[in-house]
Amino acid sequence: MAVTPAQRLRELLAQPNVEIMPGCYDALSAKLVADAGYKVTFMSGFAVSAARLGLPDTGLISFTEMLDKCVALGVEGVEMTGGGWALRDSLTGASTDRKAAGVRMGYGRDKVQFSSGLEFRRDLAEQLDTTHTRRTAWLFRNNFKLQLTPDGRVIGKLDHSISDSSLGAFYAGGYTEAVAGYAYRPVKHWR
């Protein structure tokens, strides 16, 4: 019986020695990590966002774009199907067929930055008894930054999600998160 990547990772983590785990952000960086002799790597939203957009992970990278990177890296458990993505549980073999679409926009000029995104997901998930459940979700992301002075900025974000599930209201849900703040950083001397 073949050893799965998940089992290999568990074996590595169970060893008493420390494994260095460099990050990667695309197929080339993953190949460089493997060619350098490392046994494990990871991919993060920040790394993908920084490499792709030159910006921190502030919700600008959509779920679909992250899946594209996973497929390019050959991540086990993520495969492209005829009409979308299938996520496969490495322990049970159950699959989730996910259809996702998103749009985002951003604006930046002088002292104002704003980004907003909308994403729709529809999951058809296989249960252990081989029945399927359906879940739909809408995700809204908004971020802003306003530079008031060279030393001060107002920053904020508003995220909202709503979903429903064929399993009933207990499994459906949503959240709203709002953050606002003021950042003060005197910039008289850089050194």
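Observations on the model:
- Amide proton proximity set for S44, modelled H, under 5 Å, gap of 5+: C24
- Burial ordering of Y175, Y25, fewest other beta-carbon atoms within 10 Å first: Y175, Y25
- Extension gain for the segment T149 to T131, taken as residue separation times 0.36 nm less the Cα-Cα distance, is 0.7 nm to one decimal.
Readers should treat all values here as calculations from the given coordinates under stated rules, not as data from a laboratory. Quick caveat, the model's predicted, so the values are computed rather than measured. Glycine gets a Cβ as well: all are built from the backbone with ideal geometry, and neighbour counts include every protein chain shown.
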